[in-house]
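> Mind having a look at this structure? Questions to follow.
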Amino acid sequence: MTDTCDEMALFSRRTLMVGGVALGAAAMAGAVPAFGAAADHPYPARDAGVPTDKAARIAMMRRMRMRADAGPVFWWFRGRNYAQQGAKLIPMCDLIFGALMDVRPTADGGLLISQYELGFRCALDTGMRAEKLLNPITGVMVDVPFAPVGPSKVSYDANNTLQFDPNMGGSVITAEHVPEIFYNIGDLVCFQTHSAAVVKTPGQLDRNLNDMSMICSPAAEALDPKRAFASAWAHGGDVTDYARWLKMPAGAGSQTLRSIGRKEARYNDMPQDWRDMVAKADPAMAADPMAVLKRAAETYRN
């Protein structure tokens, strides 16, 4: 897991992307129940019509967050990073992030997921990948690392408990999963995800990460038990310790990200600017996106 994933996360960072786009599933550790206590305490004024049956609710979350059958899933997010000092927000850079996953149901009712994540930072309002950025707190130009995340594998059992090796790229990740909160908003169904994680890397200060997102789908798709893949979009909001490469002095606050993104069924439906950046940075990935899942895992570099 790298800084790019730390800030997001399909997903569930992220994976938001898989376990709540931060993100994501990569921000969790060990065995983390992805189906929380909130499901046992329905709140009719807030989640009317959302399934109260455990299996039905798990199926709904799977079709919204990823898919319930076998196949690829793609998530993208774009947003802005801020330095946060108390209630003061200082814009730092823009971010466009993408993740691809291969989802495979298992015979026991679980899911096996392989994923790869790649984000690019841009100077504010430029839309161009930056290799250096100005640290607005120190006034110093810093190098921006190119740091893909993965490939990594995670699995869910039939109870939607997420399990994976917490040792990733030389770092150890521990996490707490906060139960989802569900909302029925007329013709939309949404649920809020929150993962709190700590990344421990030898020779580096620990990083604390809070990855939050609100994933939404049309109610007609989210609540349809015959549908395996529901269209979905998400609003992300993270609060984390600063990325190490920013070289922030002690006591400089924290960083936060505000983002919006969408789930796609095809690589070619991902944003054109992100695909152009991928083609320039990693032509082999652009030529055969799913082949990256067969690569050796990247090293954590933040």
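> Given region 61-160, what strands (runs of 3 or more DSSP E) lie entirely inside it while holding 1 or more residues that are buried (at least 23 other Cβ atoms within 10 Å of the Cβ) and within 21 Å of the chain's Cα centre (by Cα)?
Numbers: elements: 71-85, 88-105, 111-122, 132-134, 141-143, 149-156.
In region 61-160, 71-85, 88-105, 111-122, 149-156 are the strands (runs of 3 or more DSSP E) which contain 1 or more residues that are buried (at least 23 other Cβ atoms within 10 Å of the Cβ) and within 21 Å of the chain's Cα centre (by Cα).
> If you don't mind, another one. Given the conditions (1) in contact with a Cys (Cβ under 9 Å, 6 or more places away or on another chain); (2) surrounded by fewer than 16 Cβ atoms within 10 Å (Cβ to Cβ), and given that PRO202 satisfies all but one, which numbered condition is not satisfied?
Here PRO202 meets the rest and fails (1).
> Now for a different question. Suppose we keep only residues that are modelled with pLDDT of 95 or more and in contact with a helix residue (DSSP H, G or I) (Cβ under 6 Å, 6 or more places away or on another chain) within region 243-279. Which one would you say is farthest from ALA230 (Cα to Cα)?
Among those that are modelled with pLDDT of 95 or more and in contact with a helix residue (DSSP H, G or I) (Cβ under 6 Å, 6 or more places away or on another chain), it is ALA279.
> Of the numbered conditions (1) touching a Pro at 6+ places or on another chain (Cβ under 8 Å); (2) over 24 Å from ASP288 (Cα atoms); (3) surrounded by 15 or more Cβ atoms within 10 Å (Cβ to Cβ); (4) of a type in the set (Asp, Glu), GLU180 satisfies every one except a single condition; which is it?
(1)
> What tally of residues in region 247-279 results from selecting those that are among the aliphatic types (A, V, I, L, M), more than 21 Å from the chain's Cα centre (by Cα) and either assigned to a helix (DSSP H, G or I) or surrounded by fewer than 19 Cβ atoms within 10 Å (Cβ to Cβ) (or both)?
Initially, region 247-279 is screened for residues among the aliphatic types (A, V, I, L, M), giving 248, 250, 252, 257, 260, 265, 270, 277-279.
After this cut, where a residue has to be more than 21 Å from the chain's Cα centre (by Cα) as well, the list is 248, 250, 252, 279.
Narrowing the set further to residues that are either assigned to a helix (DSSP H, G or I) or surrounded by fewer than 19 Cβ atoms within 10 Å (Cβ to Cβ) (or both) leaves 250, 252, 279.
Residues in region 247-279 being among the aliphatic types (A, V, I, L, M), more than 21 Å from the chain's Cα centre (by Cα) and either assigned to a helix (DSSP H, G or I) or surrounded by fewer than 19 Cβ atoms within 10 Å (Cβ to Cβ) (or both): 3 in total.
> If you scan region 167-196, which residues turn out to be in a strand (DSSP E or B) and among the charged types (D, E, K, R)?
Taking region 167-196 first, the residues in a strand (DSSP E or B) are 167-168, 171-185, 188-196.
Of everything in region 167-196, those that are in a strand (DSSP E or B) and among the charged types (D, E, K, R) turn out to be GLU176, GLU180.
> Keeping to region 183-199, report how many residues are surrounded by fewer than 22 Cβ atoms within 10 Å (Cβ to Cβ) and over 19 Å from the mean Cα position of the chain (by Cα). Reasoning before the result, please.
First, pick out the residues of region 183-199 that are surrounded by fewer than 22 Cβ atoms within 10 Å (Cβ to Cβ): 183-188, 192, 194, 196, 198.
With over 19 Å from the mean Cα position of the chain (by Cα) added as a condition, the list becomes 183-188.
Within region 183-199, residues that are surrounded by fewer than 22 Cβ atoms within 10 Å (Cβ to Cβ) and over 19 Å from the mean Cα position of the chain (by Cα) number 6.
> Could I ask something else about it? Which residues, counting only those in region 212-241, are assigned to a loop (DSSP other than H, G, I, E, B), more than 20 Å from PRO72 (Cβ to Cβ) and at pLDDT 90 or above?
Of all residues in region 212-241, those assigned to a loop (DSSP other than H, G, I, E, B) come to 223-232, 241.
Add one more test, that the residue is more than 20 Å from PRO72 (Cβ to Cβ), and what stays is 223-226, 241.
Within region 212-241, LEU223, ASP224, PRO225, LYS226 qualify.
> Could I ask something else about it? When you scan region 197-211, do you find a residue that is within 18 Å of PHE77 (Cβ to Cβ), in contact with a His (Cβ under 8 Å, 6 or more places away or on another chain) and not in a loop (DSSP other than H, G, I, E, B), even just one?
Start the filter on region 197-211 by keeping residues that are within 18 Å of PHE77 (Cβ to Cβ), which leaves 197, 209-211.
With in contact with a His (Cβ under 8 Å, 6 or more places away or on another chain) added as a condition, the list becomes 210-211.
Retained after the next criterion (residues that are not in a loop (DSSP other than H, G, I, E, B)): 210-211.
Looking for residues that are within 18 Å of PHE77 (Cβ to Cβ), in contact with a His (Cβ under 8 Å, 6 or more places away or on another chain) and not in a loop (DSSP other than H, G, I, E, B), one finds at least one in region 197-211, hence yes.
The values are calculated or read from the model by the stated rules, or taken from the named source; none is laboratory data. Just so we're clear, the structure is a prediction, and the values are computed from it rather than from any experiment. Reconstructed Cβ throughout: ideal geometry from the backbone, glycine too, with neighbour counts over all protein chains shown.
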